[in-house]
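S.K.: Here's a structure for you.
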Amino acid sequence: MCSSDLGEIEAAIEGRLPELVELKDIRGDLHVHTDATDGRDTLADMVAVSRRRGYLYIAITNHTKRVTMVGGLDEKGLLRHWQEIEKLDAGTPGIHVLKGVEVDILDDGSLDIADGVLAKADYVVASVHYNTNMPQARMTKRIVTAVNHLHVNALGHPTGRIINKRAPYRVEMEDVISAAASTGTFLELNAAPDRLDIDDNTCRAARDAGVKVSIATDAHSVNGYDFMRYGVSQARREIGRASCRERV
């Protein structure tokens, strides 16, 4: 057995190990895409499958206009899309379908959808997708500005890493966590197996700062819901770091 020497041995001896999140604890998913942008399955299919999984809620968070390569939605398109979500939500008992969006964080930290439209959303995930090689100070200011935005609920895949393909952004996560703590913004633990972002060290730092962590799949198909188990495993990783617990 491997120890991280973060107090887990002492905690075990003293009988004060933390309660770890389990897959059965998950009540919903707050980052899901449909074929309205780059997903492969329809809104109806994504909702039906999440309902069969026993979820109580699902946030449909398609991309916005800055992500042109996947047909990101502009303000008018987003409002039409939300009308479809509202209609499906009203006709689907047992699950709450949230009008969500994954909005793009622009270079200066502003968002690519007007505030008046974002105010109508149930759940807003803000993410960086372009210009990922900024100097650390600029990237940190960019992300902290977005975290401080009135309508942002969560920071998506916070460090931007793609395992074995792209290193994390050069960002001071201590500043990001501090901003999230002051605004109540979630940090996302993106359960996609090529991301697993944030890592266990950042999960622990977020917990210590009182920041909530949302385990979300970033599913682009109904099969993507299965990624939740990777996110839960990441949250549980090593007993001493397992405080990334979020009852969702």
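The values are calculated or read from the model by the stated rules, or taken from the named source; none is laboratory data. For clarity, every value in this text was computed on a predicted model and none was experimentally measured. Here the Cβ positions follow ideal geometry from the backbone for every residue, glycine too, while neighbour counts run over all protein chains shown. Surface accessibility is based on the protein's heavy atoms, side chains included, excluding ligands, DNA and RNA. Shrake-Rupley method; radii C 1.70, N 1.55, O 1.52, S 1.80 Å.
S.K.: Could you check what % of the DSSP bridge pairs in the chain are antiparallel, to the nearest 5?
M.R.: 10 percent
S.K.: OK, next. At 7 Å along Cα-to-Cβ for each site, give me the label-to-label distance between Thr68 and Asp35 in nm.
M.R.: 2.6 nm
S.K.: Would you mind getting the accessible area per residue of the chain, heavy atoms of the protein chains only, 1.4 Å probe, in Å²?
M.R.: Result: 46 Å² per residue.
S.K.: Let me ask something else about it. For the stretch 39-65, list residues with backbone N below 18 Å from a point placed 7 Å from the Cα of Arg229 toward its Cβ?
M.R.: 50, 52-55
S.K.: Where does the chain land at 222 nm, in deg cm²/dmol rounded to the nearest 500, when only DSSP H runs of n ≥ 4 count, each adding -39500 (n - 2.57), divided by all residues?
M.R.: Here the helix-only value at 222 nm equals -9000 deg cm²/dmol.
S.K.: Taking the DSSP beta bridges in the stretch 1-130 as the whole, what percent of them are antiparallel, to the nearest 5?
M.R.: Within the stretch 1-130, antiparallel bridges account for around 5 percent of the total.
S.K.: Rounded, prolate or oblate: pick one for the stretch 109-240, where a ≥ b ≥ c are the square roots of the eigenvalues of its C-alpha gyration tensor, a/c under 1.5 means rounded, and failing that, prolate if a/b is larger than b/c, else oblate.
M.R.: rounded
S.K.: What relative contact order, as a whole-number percentage, does the chain give when Cα pairs under 8 Å and 6 or more residues apart are counted?
M.R.: Dividing the mean separation by the residue count of the chain yields 20 percent.
S.K.: While we're on this one: Only one of the listed values, (1) 52, 39, 39; (2) 67, 40, 40; (3) 57, 44, 33, was derived from the coordinates as Cα extents along the principal axes in Å; which label is it?
M.R.: Looking at Cα extents along the principal axes in Å for this model, the match is (3).
S.K.: Please report the antiparallel percentage of the DSSP beta bridges confined to the stretch 113-248, to the nearest 5.
M.R.: Bridges in the stretch 113-248 that DSSP calls antiparallel: roughly 20 percent.
S.K.: Give, in nm to one decimal, the length gained when the segment between Leu56 and Tyr130 is fully stretched (0.36 nm per residue of separation minus the Cα-Cα distance).
M.R.: That works out to 23.3 nm of additional length.
S.K.: How much length would be gained if the chain were fully extended between Lys120 and Ala44, taking 0.36 nm per residue of separation minus their Cα-Cα distance, in nm to one decimal?
M.R.: 25.2 nm
S.K.: To continue, here is another question. Considering only protein heavy atoms and a probe of 1.4 Å, how much of the accessible area of the stretch 61-162 is carbon and sulfur, as a whole percent?
M.R.: Heavy-atom surface of the stretch 61-162 belonging to carbon and sulfur, 1.4 Å probe: 53 percent.
S.K.: In addition: Just grab the label-to-label distance for Ile162 and Asn201, each label 7 Å out from Cα along the Cβ direction, in nm (one decimal).
M.R.: In this crude spin-label approximation the distance works out to 2.3 nm.
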